[in-house]
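Reading through the structure tokens given below for one structure.
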Amino acid sequence: MERVFVIQKEAVRYLAGKEKWVWVVDHFQPQSCVEIFKDLLLLTAPACYIFETIKFFLKFGKSALVGENTERVTRQSSDFHVNFTRLRKSEKEINHAGATFFNKLPRELKEKRNNKIFTNY
């Protein structure tokens, strides 16, 4: 993923007509691509992976909400239950990765999970 991200940043800089290095005071410094991605309304390669994983998980995942098994309303009641795994390979499965990524989203996005954000893209 890292190599794809490096190539993506080079392509975005080229499209925006920006140089990789910029002169700062007395030396060259690498220029950040954050503003370029925002201006072009693009997601980075890692962000695309996370977004698509969450979308797939919400559509096909088999994980229960933490708040479904209790009547108490807690801060984590809108989160999905993430099973404990012993192997790194298991962490990449859709139910584990999707639930983990979703649980790390801000609360405002979690509340809109049935809204246009995750269904129209």
(request) Calculate, for residue 43 and residue 18, the FRET efficiency according to 1/(1 + (r/R0)^6) with r their C-beta to C-beta distance and R0 22 Å; round to the nearest 0.05. (result) 0.75
(request) Round to the nearest 0.05 the FRET efficiency obtained for residue 3 and residue 111 when R0 = 41 Å and r is the Cβ-Cβ distance. (result) 0.70
(request) Could you please rank 27, 81, placing first whichever residue has the fewest other Cβ atoms within 10 Å of its Cβ? (result) 27, 81
(request) Report the extension gain between residue 51 and residue 31 in nm, rounded to one decimal, defined as 0.36 nm multiplied by the number of residues separating them, less their alpha carbon distance. (result) 4.6 nm
(request) Of the listed pairs 9/38; 18/104; 9/59, which have alpha-carbon separations greater than 22 Å here? (result) 18/104; 9/59
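None of the figures in this text is laboratory data; all of them are computed from the coordinates on show. All values derive from a computational prediction rather than experimental measurement. Glycine gets a Cβ as well: all are built from the backbone with ideal geometry, and neighbour counts include every protein chain shown.
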